[in-house]
Every structure is written in structure tokens, then in C-alpha cells.
Amino acid sequence: MTFHIEVIKINFTAADARVDQRHTIFRVSPQGEMNMASLETYKALIFTLLDGGMERLMLDLSGLDYIDSAGIGVLVETAKRIRANKGEVTFINVSAKLQKIFDMVHLQTFIKVSQTEGHATNLLSFA
């Protein structure tokens, strides 16, 4: 599993000399499959960001081809840890195939799915 990571800075001024976690959205785009075999890589990345104080996470699932129950469990664990830090997480670019899986396990009742990147940014900006 590979990842694309983008840091979206909100309320940025030229005087900012460091990343302020309170005004930063991390956009992480997992690629390939999220299953038992690939989860250690995901967990190492996400939990390092969480340990560093990440409070806002946009998970772009456009490159995710498959997710199993272990992957869903780690997504739930990610949301719980972010919320323990008073933060929020949202999904964007969820394929019809993944949405069907999320619907079966009622994941959208726990983690919001944003229809657009703009909606996700607004949601996370006020979290």
C-alpha cells in the first residue's frame, strides 16, 4: 500500500513559521488495498501523525480498490483517536463499491462522507 499525503493549511499567514495543528488539514490518499497485509503501513503513518497532534483528517479514498473488515476496524480506530484529540475525520471520493461496503456496516453513522473536497474542507475547518 502506498500513500499520497497533502497538508492543507487554513488561515495561513506569512508570519507562520511552523505547522499549527489547529489550522491544518491532512489529506491522506491510500492507494491499492487496505487489508490485513497492508495495515501496518497505514497504521504507522496515521498513528505517527496522530501522535504528532493531527486533529483534522481528510481520507481521500479515490485510489482505494479494496477494504476488508480489518481495514474498516482501523478506520474506526483512527476516528476514535482523532476525536479523543478533539478532532474530526471525513472521507471523500468514496467509490460506489466502497460505499456499498460502508452502508452494510453502517460506517457512515460514525465517520462522515463528504461529497466534495470543498464540503470536507468546510466540515474540518469548523471541527
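Counting just the residues of the range 20-38 that are of a type in the set (A, V, I, L, M, F, W, C) and surrounded by fewer than 19 Cβ atoms within 10 Å (Cβ to Cβ), which one comes out farthest from Phe91 (Cα to Cα)?
Ala37
Can you tell me which residues in the range 35-73 are acidic (Asp, Glu) and over 12 Å from the mean Cα position of the chain (by Cα)? Can you show your working first?
Step one: filter the range 35-73 for residues acidic (Asp, Glu), giving 40, 51, 55, 60, 65, 68.
Answer for the range 35-73, where residues must be acidic (Asp, Glu) and over 12 Å from the mean Cα position of the chain (by Cα): Glu40, Asp51, Asp65, Asp68.
Please work out if Leu57 is surrounded by 15 or more Cβ atoms within 10 Å (Cβ to Cβ) and either within 22 Å of Thr24 (Cβ to Cβ) or at pLDDT 90 or above (or both).
yes
I'd like the full set of residues that are of a type in the set (A, V, I, L, M), crowded, with 20+ Cβ neighbours inside 10 Å and farther than 22 Å from Ala44 by Cβ, limited to the range 71-106.
If the condition is that a residue be of a type in the set (A, V, I, L, M), crowded, with 20+ Cβ neighbours inside 10 Å and farther than 22 Å from Ala44 by Cβ, then Ile92, Val94, Leu98 are the ones that fit.
Could you run through the range 74-127 and say how many residues are more than 11 Å from the chain's Cα centre (by Cα) and in a strand (DSSP E or B)?
Residues flagged as more than 11 Å from the chain's Cα centre (by Cα) and in a strand (DSSP E or B) within the range 74-127 amount to 0.
Against the conditions (1) modelled with pLDDT of 90 or more; (2) surrounded by 14 or more Cβ atoms within 10 Å (Cβ to Cβ), where does Tyr66 fall short? Just the number, please.
Against the list (1) modelled with pLDDT of 90 or more; (2) surrounded by 14 or more Cβ atoms within 10 Å (Cβ to Cβ), Tyr66 comes up short only on (2).
State yes or no: is Lys43 among the charged types (D, E, K, R), surrounded by fewer than 21 Cβ atoms within 10 Å (Cβ to Cβ), outside any loop (DSSP other than H, G, I, E, B) and in contact (Cβ under 8 Å) with a residue 12 or more places away in the chain? Full working, then the answer.
Values: among the charged types (D, E, K, R): yes; surrounded by fewer than 21 Cβ atoms within 10 Å (Cβ to Cβ): yes; outside any loop (DSSP other than H, G, I, E, B): yes; in contact (Cβ under 8 Å) with a residue 12 or more places away in the chain: yes.
Against the criterion (among the charged types (D, E, K, R), surrounded by fewer than 21 Cβ atoms within 10 Å (Cβ to Cβ), outside any loop (DSSP other than H, G, I, E, B) and in contact (Cβ under 8 Å) with a residue 12 or more places away in the chain), Lys43 qualifies.
Inside the range 46-66, can you point out the residues that are part of a helix (DSSP H, G or I) and of a type in the set (Ser, Thr, Tyr)? I'd like the intermediate steps shown before the answer.
The first filter runs over the range 46-66 and keeps only residues part of a helix (DSSP H, G or I), leaving 46-51.
Listed by number, the list holds a single entry, Thr48.
The values are calculated or read from the model by the stated rules, or taken from the named source; none is laboratory data. Predicted model, so just to flag it, every value in this text is computed and none were measured. Neighbour counts are summed over all protein chains in view; Cβ atoms, including those assigned to glycine, are modelled from backbone coordinates with ideal geometry.
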